[in-house]
Amino acid sequence: MTMRQDYPAVQTLLQQPSLDTDLKNIAEKILRQERITPAEGLTLFEKGDVCFLGALANHVRERMHGDKTYFNRNFHIEPTNVCVFTCHFCSYSRLYKNREDGWELSIDQMLDIVKSYDGQPVTEVHIVGGVHPKMQLDFFVELIKKIKAHRPDLHIKGFTAVELDYMFRKAKVSVEEGMRILNEAGLQSMPGGGAEIFHPDVRAKICHDKVDADGWLAIHRAAHNRGMVTNATMLYGHIESYEHRIDHMERLRQLQDETHGFNTFIPLKFRNKGNDMSDIPESSIVEDLKLYAVARLYMDNFSHIKAYWPMLGRNTAQLTLSFGVNDLDGTIDDTTKIYSMAGAEEQNPSMNTAQLAQLIKQAGRRPVERDTVYNEIKDYTDVVFSDEELLLTK
């Protein structure tokens, strides 16, 4: 296996006389594979420079995964962008009273999207969108069942905890009963959206009217208790502090200790176009890379750290592969508008398998196609792509 060893570089950093004593002690704990505390995580944010954090995070990444970088072949279905909630950072949704400015897909329209991938080797459909007052639990149970009937092998990942909280309350079922109903219909895993920042001080200012941290965690706990895997996210780079970030990651780390049900942690960069927080500047690339590195160091019980390339852009996503990241999500196929509407670099996010694998190779890593639960499908390290494959849009 091709694998770059950065351990000597870390040892060199630790021997520098100018290195802060607190940082040295934290680094030595990490090298001994000991858990760092919330206070130590905060110190990494406050004192660690991007080179120090990158070297340390890259060491952990390569200890866990070598040079493997995962991706999958997936597509999204966004049933609607009509939403009952008013998240101030959101550029995507439209209030129900303004629903003529948005979209609302029928079950047949969504099934047609699934059918458009017949004969293509996609492994996952990712279903997520706004919280529409007329699209309730029974509606999505019918959708899931019809997708499974049409294509039983397609993994269905769907619905943020925000969507599910509303669905379950409208249906007057408990979280546990709601998860049972969806799981038995064919829902196999959940994305991690809606987490934003858990701390109530921040949540009250950016998304006051949707499910709180305890509710979000309870829904993911219920999914884990049914044997379903889920993802976890954090929206960063807006009004939150370093303390808020650590608080958020600590709550996730504690639930992962309890259930072991999270697949991956996905930091999501705040984008400031077309929303109520457009006066807040976006974080710099250096701050992005520091965040990914600290996430890898702090989230010691999460196997994977993902950079969502449609949100970051391809070039920054490549850089994160040296700052703890070992997953770049999937081919997407221009089926999501959530970040393009917020001003992300990728206005039409789509890469075919060759393009995504090549992107990973250019960063000196091994591209490995996976399924949703990280079973390896194919290693593309030694695959040579033609110019035609690299130019195709699908």
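The values are calculated or read from the model by the stated rules, or taken from the named source; none is laboratory data. Because the structure is predicted, anything quoted here is derived from the model rather than measured. Cβ coordinates were reconstructed from backbone atoms using ideal geometry, including for glycine residues, and neighbour counts include every protein chain displayed.
Here are some notes:
- Conditions (1) crowded, with 22+ Cβ neighbours inside 10 Å; (2) at pLDDT 95 or above: number failed by K210: (2)
- Residue list for the range 361-382, restricted to those being hydrophobic (A, V, I, L, M, F, W, C) and within 20 Å of T123 (Cα to Cα): V368, V373, I377
- Residues that are crowded, with 17+ Cβ neighbours inside 10 Å and in contact (Cβ under 8 Å) with a residue 24 or more places away in the chain, drawn from the range 27-51: A27, I30, I36, G41, L42, L44, F45, G48
Rundown of residues vs (1) at pLDDT below 90; (2) basic (K, R), yes/no style:
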residue: Y70; (1), (2): no, no
residue: V84; (1), (2): yes, no
residue: Y92; (1), (2): yes, no
residue: K97; (1), (2): yes, yes
residue: S106; (1), (2): no, no
residue: Q109; (1), (2): no, no
residue: I113; (1), (2): no, no
residue: T123; (1), (2): no, no
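- Members of the range 279-291 that are under 18 Å from the mean Cα position of the chain (by Cα) and either within 13 Å of T233 (Cβ to Cβ) or of a type in the set (S, T, N, Q) (or both): S283, L291
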